[in-house]
Amino acid sequence: MFTSIGKYMMNLFRQVGGSAQMVRSSIFWLFHSRFEFHQAVEQSVTIGVESFGVTALTSLFTGMVLALQAGNTIGNIFGDPIFVGTIVAFSLIRELGPVLTGVVISGRAGAAVTAQIGTMAVTEQIDALYTLGTNPIRYLVIPRMFGFILTVPILTLFSNLFGVIGGYLVAVYALGVPGEVYFTDITTFMGVGDFMHGFIKSFIFAFMIGTVCCYKGISTRGGAEGVGKSTTGAVVTTIVLILVLDYFLTAILTAFGI
Amino acid sequence: MIEIRNLQKNFGEKQVLKNVNLTIEDGKVTCILGGSGCGKSTLIKCMIRLEDATSGQILVDGKDITQIKSEIKMAAIRRHFGYLFQEGALFDSMTVGENVSFGLKYLTDVPPGDYAKVIREKLALVGLKEEVANLNPSELSGGMKKRVSLARVLAINPKVILYDEPTTGLDPIMSDIISDLVLDLKAKLGVTSVVITHDMHSAFKIADKIAFLYEGKILLYGTPEEFRHTDNPYVKQFVTGSSQGPIQMKLMRE
């Protein structure tokens, strides 16, 4: 048993070390070579477009279910569904917006990135990049990291928007809350800090998703089976890390008054 | 000149290369022979640090590349090398033309306006028509992929070309054309070639020197003539392609 724990820990440390080395290498190449602007734009568009529909749909229904649950519960206690807008917006903008967007992007674009880079690794295309004067970190990793860091916060904003719209639809048409009251509840109780809270989280999730998915791809070995394992590993790792990081980030940001 | 001294390469517990010593002379064709999985590809990957050696030295024009820590310095050494990968390693997100011209952007001063001309010339050199440039790698046969990959190598005009089984999967006529191309590059441009091959006909035709790798060691290094007349039973069996001999006996014991 100790042997398998030891092996697991060694593997974990190797992966953390490898990811850190990749990030260090990315920073090095960012300042020592030409930025692949065309690649970066292409990746941003791909990641954003691929994930937009699912993110919007997930957030819309999350907002709707939040409004329904909050309205019914508060209605049972106080007789009227009050503060539905506040509850929906707080939950979405501070927590669920960045978390749901991160999870959706991990499963959609993150998996695609790992599978693509992983396939390149097992078919020697990454070695071919070295022989053609291109460092794979510079050519593959930096544009994708850029893509995640640019699109996750933007998609989080859209996610918040669609969630609030979903909440509005249920609050107004199912619970009978006046539309002005729903929005006044949001604007009265929420400040810029609440937006910053969610926004900072989305940046950190984006960085983490980019790092894990690119590292898992680049370190893929063992043919088609290896690509499958890396892709599954990348998605599971990023989703778990999003949830774990979310708790610690909430604790830290709240401690700083954000 | 590339000098390999006491090169060892391990993958985990497995020792793939054991004290390999080999000299690759400038402007010559050196063929590396050996059974499947004996470490031939690993050996040439070590020559440009696509794999890091466990121990030993690799001297490229007198400079030990195993000691180079900087990726920028290593990239500067690699720019003189071309590498033909066993399965082609074409970028499947790009067309054939984009694959062939990929290295031009990073390794040469060729202006983008001339890329089409280079693509046409290099594809013609490997016997492919200009129209192929618009196809995707997934639309090509195995042999065509290999030829496109070779065109991609030729486009960057390297001083040294490392070929990983250049004729495998090609018909005999195309194999011979590729062999002629290797000789042509040597004669006209003085290109140094290191060729991993199982094709004895091609090896005897193109090689100035042949090295036979067996169980991670160079068992014999010499001219094609020496290989034809060797008494070494391992080499003799490999050259004649016989199923009977010490290599078979060894396999059976395992």
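Candidates A:S25, A:T58, A:I77 compared by Cα position along the dipole of the range A:1-87: farthest toward the positive end lies A:S25, with charges placed on Cβ.
Over the range B:1-97, accessible surface divided per residue gives 43 Å², non-protein components excluded, 1.4 Å probe.
Exceedance of the 31 Å cut-off in Cα-Cα distance is limited, within the set B:K129/B:K217; B:K40/B:K188; B:K69/B:K188; B:K9/B:K63; B:K146/B:K188; B:K9/B:K129, to B:K129/B:K217; B:K69/B:K188; B:K9/B:K129. If R0 is 25 Å, the Cβ-Cβ spacing of B:K129 and B:E87 corresponds to a FRET efficiency of close to 0.65. Taking the accessible area of the range B:137-197, probe 1.4 Å, and keeping the other protein chains in place, the carbon and sulfur fraction comes to 58%.
Counted residue by residue at 0.36 nm each, then reduced by the alpha carbon distance between them, the extension gain from B:K217 to B:E139 reaches 24.1 nm. Ordering A:H32, A:H38 by accessible surface, largest first, gives A:H38, A:H32; the 1.4 Å probe counts only protein heavy atoms, with every chain in place. Ranking A:S51, A:S4 from most to least accessible surface, computed with a 1.4 Å probe over the protein chains only, gives A:S4, A:S51. Taking label positions 7 Å along the Cα-Cβ direction at both B:Q15 and B:D61, the computed distance is 3.4 nm, reported to one decimal. Mind telling me which of A:L155, A:L140, A:L57 comes out most flexible in a GNM of chain A, alpha-carbon contacts under 10 Å? In this elastic network of chain A, the residue with the biggest mean-square fluctuation among A:L155, A:L140, A:L57 is A:L57. State the antiparallel share, in %, of DSSP beta bridges confined to the protein assembly as shown, rounding to the nearest 5. The antiparallel proportion sits near 55 percent.
Under 5 Å between amide hydrogens, built in the peptide plane, is the criterion, and for B:V16 it picks out B:K9, B:N10, B:F11 among residues at least 5 positions away or on other chains. Magnitude of the charge dipole for the range A:9-103, about its Cα centre and with charges confined to Cβ atoms of Lys, Arg (+1) and Asp, Glu (-1), is about 360 debye. If only the Cβ of Lys and Arg carry +1 and only the Cβ of Asp and Glu carry -1, the dipole of the range B:10-134 around its Cα centre is close to 260 debye. Heavy-atom accessible area, probed at 1.4 angstrom with all protein chains present, ranks A:Y173, B:Y163, A:Y139, B:Y234 as A:Y173, B:Y234, A:Y139, B:Y163, highest first. The per residue volume of the convex hull around the alpha-carbon atoms of the protein assembly as shown is 198 Å³. Start at zero, step by 5 Å, and the Cα-Cα distances of chain A spread as 1, 6, 12, 15, 16, 14, 11, 8, 6, 5, 4, 2, 1, 0, 0 percent across the bins. Across the range B:2-14, computed HN-Hα scalar couplings (Karplus, 6.51 cos²θ - 1.76 cosθ + 1.60, θ = phi - 60°) run 10, 10, 10, 10, 6, 6, 10, 9, 10, 10, x, 7, 7 Hz from first to last residue, x flagging Gly and Pro.
Each Lys and Arg contributes +1 and each Asp and Glu -1, all at the Cβ; summed about the Cα centre of the protein assembly as shown, the dipole is approximately 1180 debye.
For the residues of B:78-90, the average number of beta carbons from a partner chain within 10 Å of their own beta carbon is 4. Among bridges DSSP assigns within the range B:97-254, what percent are antiparallel (round to 5)? Counting only bridges with both partners in the range B:97-254, antiparallel ones make up about 50 percent. The range B:73-134 and the range A:93-167 have Cα centres lying 28 Å from one another. Hydrophobic long helices, here whole DSSP H runs in chain A with Kyte-Doolittle means of at least 1.0 and Cα atoms spread over 30 Å or more along the helix axis, are found at A:142-173, A:192-218, A:223-255.
Annotation: the range A:189-232 has a Kirkwood hydrodynamic radius of 12.5 angstrom, from the mean reciprocal C-alpha pair distance.
For the range B:1-153, the equivalent ellipsoid derived from the Cα gyration tensor has semi-axes of 32, 18, 14 Å, listed largest first. In the range B:57-101, the ratio of gyration radius to Kirkwood radius, Rg to Rh, stands at 1.11 when only Cα atoms are counted.
The B and A chains share an interface that buries close to 1800 Å² of accessible area, total over both sides, probe 1.4 Å. Each of B:V126, B:G82, B:M47 was placed along the dipole of chain B (beta-carbon charges, centred on the mean Cα), and the one lying farthest toward the positive end is B:M47.
The values are calculated or read from the model by the stated rules, or taken from the named source; none is laboratory data. Since the structure is predicted, the reported quantities are computational estimates derived from the model, not experimental observations. Don't worry about glycine lacking a Cβ; one is built from the backbone with ideal geometry, like all the others, and counts go over all protein chains shown. Keep in mind that these areas ignore ligands, DNA and RNA; they rest on the heavy atoms of the full protein, side chains included. Shrake-Rupley method; radii C 1.70, N 1.55, O 1.52, S 1.80 Å.
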